[in-house]
Amino acid sequence: MALPSFLDRIQMLDEPRLALFDADGTLWENDIADDCTVWMIGTGRIRTGHRWADYKRIYAEDAPAGCRYLLTFYEGMRAADLTRHVNAYWNEFMKLDYIEQPVEVLHHLAASGFEIWVVTGSPTDLLFPLLDRLPVQKIVGMDFEIDPNGVLTGRHSGISCAGEGKAEKVSSLWRGPIQFAAGNARLDEAMMRLARDVTWAVHPHPDLEKVARKEGWEIKPSPRPPYGTTGWLTLEQELAERGMTLPAP
């Protein structure tokens, strides 16, 4: 697949280079936060499946609040156990459905001297294994608050990395120019506005597509209804799609 011609508009100046990519829906079709959480419920690693309907309701009404609410599913888990479970999920179960062109652009920019950050509203820890799979230097996401005993509190620590918080968190960590940004949802809009040279809406949600067309951003249309536009599955349906069932109490 040929690289998009808009990459020629990126100014290759003698300056720090940073490219920002959203994760779910931009680099791959999967929703890792949902997928990993469902897997943890289905394998009995967490026992908070009763919160799933509330999570989807909150997310539909206020997506940043939904991103924060997902952290409550992990309340009481030891940070060391979370790392072990996430590694098992990535190694034994998860299969990323990559979106080919954005991944090729990521590799191209990395080879051109760009630092690559994946900026996500998902829990940061759930994406750390990506650092071994793609040329990504940093995962910027929703950080878990951890108590003095190494246990997750179910709350976030620091800046809430969703919506406006994505831009705020990136800006707190990087003082140089940001030449490129790609995302797929209104949750990414503020982050995408940080880009100086090229902003790319990948398989955008209709709300973001309206913004992208108004702003003259690059658009890669989605070949299917974007995530969340056709409604939400129940937890039982989510588990069934993965060949799993709800464990006995």
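Read-outs: derived from the displayed coordinates by stated rules, not from any lab. Only a predicted model underlies this, so the values are computations on that prediction, with no experimental measurement involved. For neighbour counting, all protein chains shown are included, and Cβ atoms are generated from backbone atoms with ideal geometry for every residue, glycine included.
Mind telling me which of the residues ALA190, ALA248, ALA182, ALA162 ends up being small (Gly, Ala, Ser) and over 28 Å from TRP52 (Cα atoms)?
ALA182
Quick check on the range 190-249: of everything there that is touching a residue at least 60 places away in the same chain (Cβ under 8 Å) and β-branched (Val, Ile, Thr), which residue is surrounded by the most Cβ atoms within 10 Å (Cβ to Cβ)?
VAL202
For the range 95-103, indicate whether the set of residues that are touching a Gly at 6+ places or on another chain (Cβ under 9 Å) and part of a loop (DSSP other than H, G, I, E, B) is non-empty.
Yes: one or more hits.
What pairs come out if I take residues in the range 127-156 that are within 13 Å of ILE116 (Cα to Cα) and touching a residue at least 24 places away in the same chain (Cβ under 8 Å) and pair them with residues that are part of a helix (DSSP H, G or I) and among the β-branched types (Val, Ile, Thr) whose C-beta lies under 8 Å away, six or more apart or interchain?
These pairs meet every condition: LEU134/VAL103; VAL140/THR124; VAL140/VAL170.
Let's see how each residue does on (1) over 16 Å from the mean Cα position of the chain (by Cα); (2) surrounded by fewer than 17 Cβ atoms within 10 Å (Cβ to Cβ); (3) free of Cβ contacts under 8 Å to residues at least 40 places away in the same chain:
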| residue | (1), (2), (3) |
| --- | --- |
| ARG9 | yes, yes, no |
| GLU29 | no, yes, no |
| ASP35 | no, no, no |
| THR43 | yes, yes, no |
| ASP62 | yes, yes, yes |
| CYS67 | no, no, no |
| LEU70 | no, no, no |
| ALA79 | yes, yes, no |
| THR83 | yes, yes, no |
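Any chance you could count how many residues in the range 144-156 are closer than 22 Å to ASP31 by Cβ and surrounded by fewer than 19 Cβ atoms within 10 Å (Cβ to Cβ)?
Total satisfying the criteria: 2.
Yes or no: ALA110 over 17 Å from the mean Cα position of the chain (by Cα), surrounded by 15 or more Cβ atoms within 10 Å (Cβ to Cβ), under 20 Å from LEU130 (Cα atoms) and not basic (Lys, Arg)?
Criteria met by ALA110.
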